[in-house]
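What follows is a short report on a single structure.
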Amino acid sequence: MTFRRKLLVVFALTVFLSVAGVALLVQWVTRNAFEKTENQRTAALVTQFQREFSRRGEDVARRVEAIAASDSVTRMATALNGTSSDFAEYFDLARVMAENHQLDFLEILDGRGTIVSSAQWPAKFGYPEPAFESLSASNDQRPFLKLEELQDSTALGFFAAHAIHVGDHSVYVVGGQRLDKNFLLALDLPADTRVLLYQNRGDRFSPELLLDPAAAGSSAGDPARPAEKFAPLIDAVRKYDQEISGLVDWTSNRADEEVFHAIPLRGVGKDRPLLGILLIGNSRRSYVELKRRIRDAALLVGGGGVVLAILLSSWASARVTRPVVDLARAAQDVASGNWSASVQVEGHDEVAQLAESFNRMTSELLAQKERLVQTERVAAWRELARRLAHELKNPLFPLQLTVENLIRAREQSPEMFEEIFRESSQTLLAEISNLKGIIGRFSEFSKMPQPQLQRVQVNEIVEAVARLFQVQFQAQGREAIHCEMQLDRRLGPIAADPELLHRALSNLVLNAMDAMPKGGTLTLRTRRDDGKVAVEVCDTGSGLTPEECERIFTPYYTSKQHGTGLGLAIVQSVVSDHGGRISVHSEPGKGTTFVIELPSNVDALPPAASLKEEIAGKLPV
Amino acid sequence: MKYFACHWLAVSSLFLSVLARAETRPQYGGTLRVTTHAAPSTLDPADDKAPDSFARRSVTSLLFDTLATWNAGHAQPGLAESWQSSKGNQRWQFRLRHGVKFHDGTALTSEIAAASLRFTNPAWSVRAEGDAVVIDCDEPNPEMLAEVALSRNAILKRDSEEKVSGTGPFHIVEWQPGKKLTLAAEEDCWRGRPFLDGVEIEMGRSFRDQATALEVGSADLVEIAPEQAHHFSPAKGRLVSSAPVELMALVFARDVSAPDEKLLREALGLSVERQSIHSVLLQGAGQPTGSLLPTWISGFGFVFSSKAGLQKARQLRDQVHTARTWAIGYDGSDPLARLLVERIALNAKDAGLSLAPTTLGTSDLRLVRIPLASSDPWIALEGMAAQAGLSKAKNSGTTIEELFAAEQAALASQRVVPLFHLPVFYAASASLRDWALRTDGTIELANAWLGAAK
């Protein structure tokens, strides 16, 4: 990953994490605020419910008291006695009184709890009131909740009881009103809040027992909000006997969720049975929508921030990474051989200091290189002088001996001077020829021309070299050499000097032939290698030792008895002039492989048209 | 002074006595306003599709006449002025009264009378012989006189299904089936023109509305529910009740189909607390009963126990493994019926039986009111059996033992659980005079007249 991208990632990550952090924080604060509001609403609603409950209860108590104080009831209480009760006369009293005082329930009980008259279930006269024991035992005169059994149903209501004591016996008036949808509708509910009442009857949850004012008129309830969803909450209240809150999700859309607080409502008596469960629900729509808005805003801001980060990083990189990139590019140039590469220095920060250091380094390297070149040049001259001295010394010594021999012969044996002169002349001519050969090779090496780059197909040159030596592979007086061609036909053209390349390959083939005096296999192979073209010349000769491999490209080094040692040096020079590289792989007894790697550099060539002209002008007719 | 006072006293006494005598003398005129709870949809007394009711019978007696009337166990001449039986009561001959005309002016003939009787009694062989109607039965029928006195055997002239004509003291002016019937006095009635000019009968009124109508003066003669009779104030009018002429009972829709059901039905009968229901819900009206026929008709009604036996009922119930819930039907327009059914359901629940009240047409058993067809016990028993869906009681007996056996057999079928025998109550305004209640619970208005309200 480039520095620029890293910078971008860091910037973007920073922005994103910051925005995400802020969004999470806002959401957390919002959730807490919402929960707090929800709790406040619930508490307010519970208070309101209790207030309304008390108010209604007091109202019922007043009515019951009024009934108890009425003349009819007083007369009845007086008439009834503890031994025999004639309910006939008062059978309809409760119904009439209930109608007059607008009560849904009214029962008149004698001192033993037997129903004298019942408004809600007239036929129940003479039967005991099941709740009488708790009613008569309770000293609490406050209104209370009670589950009233009717002919074909059960209803929840708030009741009040009043006892009338006449002489030794008592009569009880128990009246009440239904706790139904109308009661719930009378509550002043804030927006997004609703109230339901579950009448706790039976062991299992039953949707029919749920009073939902919102579903008024529909006995099946709201199909979009099935009552069965409340079952777990109701069961939990029953099980744990305490207020419980729970989330009810109506659809997969979270905005439709509601948080319900279930509050148990108890009756009177020792057991204080659970008669009903008040469900106060708060819609989470506003919270979910707010959360969505926060999220959307966070995404928007985050997205904007990332874009900003990209822009910032681009700007920053333009200021920060550009010098670094320039430095990196300059370093690459230096690595590729351009020692004069330098970097523009801007500012005084660390990057500028680094650029200055780089420039100083390259200058120093350049100077050192020049010094090295000069040193090498001097060394090369010295080596050349040494080599020249060495090469010339050999033929000069016999020349000197021959001339001295001639002088001696002229002076000491004039009669043999002619013969000696003839013999010495041949020797002199041979050594002079030798000298001329040595000087010719030196001259040739010194005259190595700069390559004239052309668009060249390497395979063609390899094939030309193979054809050139084909006869010699099968020459008489030596074992045959099998030439194997493994050419990659997909090779594209490269920029090279065909003559120099031909020469270099020819030298390698000659070396290979010299390495296989007893015959063998010469393999000429071309292949592509990472954008470069590789040419391999492999022989199955005696191979080279590692030390020989190291020195083999040194001029004048040779492992042959005859030879100037310049052949591989010429090859290396050609390869080097083409910007390539030559290497040798060999093991003693296993043959040797010379590998020439040449770059393509076709793009560096002039266009094809002018190139053709160039070729037309260069090549001999 | 003394002379003047005495003279004045004498004159005023004479005047008052004249006035009083004038007030007790029937007066012609006025339209009697009557309300009924029943709402018959037909005026044809032979139409079995309409339920029998006292109101229907009362209306029938205003429009039509029977060959004879039956009252307190005795037959009185009606359209037939005399009769005789022969062949051991298998043949009866009724000699028709002369000069009787139908409301459309047609004279009553024996052919018309015979046709009318054949229409309602396909099993009889009825023919006209001169001015007599001869009825031949397959078996001896000692109750023939009581039978011909039944309102369904009234003599009608049927021109079509809707157009019927009678010989009664009133003829139809306007008829809105189930709602209102307006009658006018028949000037040429063989019994003589009635004192009333007309009768307006509003039907289908609740007992409460009827009581209110009487109180506010919009009705002269109303029905009073048995449970309201106790509270009826004399200031509102004159209350008259009959002997118990109506059986309130639970009637099962089907015969017993399994031994378990027999036990359960018996348990149900034992679970009902008739005494408390009678005391509270009926306010003491009528009598709890375990018999089909009231004691005043059969003489042995008290033999069949009406006491509750909750413990025995529970034991019977415990002998049955599973008992399904019975649907008990009742007349939804009758508040008393609803209360009774609820109470019976409570009593049954105490015995371990489950009853579900319903006003729908189909039910396992039903609370019904069966008017006594006649004060003749055999006819009454036959009529009751027919209403309860029982097989016809054997009608060939003459002794009380045979009657008892017949009733016992009917009760043994366990199709019927008798609960109460109820009288019918009527209340009339003070202005209505000389109206009477027959023993069968119908009203006799032929001689009724409207005077000034006292």
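The values are calculated or read from the model by the stated rules, or taken from the named source; none is laboratory data. Predicted model, so just to flag it, every value in this text is computed and none were measured. Note that each Cβ is placed from the backbone with ideal geometry, even for glycine, and that neighbours are counted across all protein chains shown.
Go through segment B:125-170 and give me each residue that's small (Gly, Ala, Ser) and crowded, with 18+ Cβ neighbours inside 10 Å. If the condition is that a residue be small (Gly, Ala, Ser) and crowded, with 18+ Cβ neighbours inside 10 Å, then B:132, B:146, B:149, B:151, B:154, B:165, B:166, B:168 are the ones that fit. Cβ-Cβ contacts under 9 Å between residues 6 or more apart (or on different chains), taken from a first residue in segment B:330-349 that is under 14 Å from residue B:368 (Cβ atoms) to a second residue that is acidic (Asp, Glu) and assigned to a helix (DSSP H, G or I), are listed as B:336/B:227. The set of residues in segment A:391-406 being surrounded by 12 or more Cβ atoms within 10 Å (Cβ to Cβ) and not charged (D, E, K, R) consists of A:392, A:394, A:395, A:396, A:398, A:399, A:401, A:402, A:403, A:405, A:406. Pairs are defined by a Cβ separation below 6 Å, a sequence spacing of at least 6 or placement on different chains, a first member in segment A:427-456 that is over 30 Å from residue A:403 (Cα atoms), and a second member that is polar (S, T, N, Q); the pairs so defined are A:448/A:573.
Apart from one condition, residue A:462 fits all of (1) within 20 Å of residue A:595 (Cβ to Cβ); (2) modelled with pLDDT under 95; (3) touching a Leu at 6+ places or on another chain (Cβ under 7 Å); the exception is (2).
Test residue A:477 against the stated conditions and say whether it is within 28 Å of residue A:390 (Cα to Cα) and free of Cβ contacts under 8 Å to residues at least 40 places away in the same chain. So residue A:477 fails the test.
Inside segment B:25-57, residues that are among the charged types (D, E, K, R), assigned to a loop (DSSP other than H, G, I, E, B), farther than 23 Å from residue B:380 by Cα and touching a strand residue (DSSP E or B) at 6+ places or on another chain (Cβ under 8 Å) make up a count of 0. Scoring residue B:347 on the criteria (1) more than 20 Å from residue B:253 (Cβ to Cβ); (2) modelled with pLDDT under 95; (3) more than 26 Å from the chain's Cα centre (by Cα) leaves a single failure, condition (2).
Considering (1) touching a helix residue (DSSP H, G or I) at 6+ places or on another chain (Cβ under 7 Å); (2) surrounded by 18 or more Cβ atoms within 10 Å (Cβ to Cβ), the lone condition that residue A:89 does not fulfil carries the number (1). Tallying residues that are in a loop (DSSP other than H, G, I, E, B), surrounded by 16 or more Cβ atoms within 10 Å (Cβ to Cβ) and at pLDDT 80 or above within segment A:311-344 yields 3. Of everything in segment A:148-190, what is hydrophobic (A, V, I, L, M, F, W, C), more than 60 Å from the chain's Cα centre (by Cα) and either within 14 Å of chain B (Cβ to nearest Cβ) or surrounded by fewer than 17 Cβ atoms within 10 Å (Cβ to Cβ) (or both)? Give them in sequence order. Those that are hydrophobic (A, V, I, L, M, F, W, C), more than 60 Å from the chain's Cα centre (by Cα) and either within 14 Å of chain B (Cβ to nearest Cβ) or surrounded by fewer than 17 Cβ atoms within 10 Å (Cβ to Cβ) (or both): A:150, A:163, A:166.
Kindly evaluate residue B:206 against the criterion of being within 26 Å of residue A:123 (Cβ to Cβ), among the hydroxyl-bearing types (Ser, Thr, Tyr) and within 14 Å of chain A (Cβ to nearest Cβ). Here the answer is no, as residue B:206 does not meet what is asked. Any residue at all in segment B:118-130 that is outside any strand (DSSP E or B) and closer than 14 Å to residue B:79 by Cα? No: segment B:118-130 contains no residue that is outside any strand (DSSP E or B) and closer than 14 Å to residue B:79 by Cα.
With respect to the stated conditions, residue A:465 fails to be surrounded by 13 or more Cβ atoms within 10 Å (Cβ to Cβ) and either free of Cβ contacts under 8 Å to residues at least 40 places away in the same chain or outside any helix (DSSP H, G or I) (or both). Has segment B:202-219 got any residue that is under 16 Å from residue B:427 (Cα atoms), surrounded by fewer than 16 Cβ atoms within 10 Å (Cβ to Cβ) and of a type in the set (D, E, K, R)? Yes: segment B:202-219 contains one or more residues that are under 16 Å from residue B:427 (Cα atoms), surrounded by fewer than 16 Cβ atoms within 10 Å (Cβ to Cβ) and of a type in the set (D, E, K, R). If you go through segment B:412-446 and keep only what is surrounded by fewer than 18 Cβ atoms within 10 Å (Cβ to Cβ) and either of a type in the set (Val, Ile, Thr) or out of contact with any Lys or Arg (no Cβ under 9 Å at 6 or more places or on another chain) (or both), you end up with B:412, B:413, B:434, B:436, B:439.
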